[in-house]
Amino acid sequence: MVATSSMRNVDLIEELRLRRWARENYVPATQRDTAWHPIILEEMTRKDGESREAALAG
């Protein structure tokens, strides 16, 4: 994970909350708001990768 200044200011609990929110409110990359917190965008990108891996394995 790349630590940007806004990511360094988030404690572990808040990071987990942001990641959970990202998974529960996932949208495709074309519909993402670039103003969202970098942790949210990173987690949605992770989910993109997981979906691709699952499609290739299945």
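Observations
- The set of residues from the range 15-31 being part of a helix (DSSP H, G or I) and open to solvent by 70 Å² or more (accessible area, probe 1.4 Å) comprises 16, 17, 20, 21, 23, 24, 30, 31.
- Qualifying residue in the range 32-54 (condition: β-branched (Val, Ile, Thr) and either open to solvent by 90 Å² or more (accessible area, probe 1.4 Å) or part of a loop (DSSP other than H, G, I, E, B) (or both)): yes
The values are calculated or read from the model by the stated rules, or taken from the named source; none is laboratory data. As the structure is a prediction and not an experimental result, all values here were calculated from the model. In case anyone asks, the SASA skips ligands and DNA or RNA and just uses the protein heavy atoms, side chains included. Shrake-Rupley method; radii C 1.70, N 1.55, O 1.52, S 1.80 Å.
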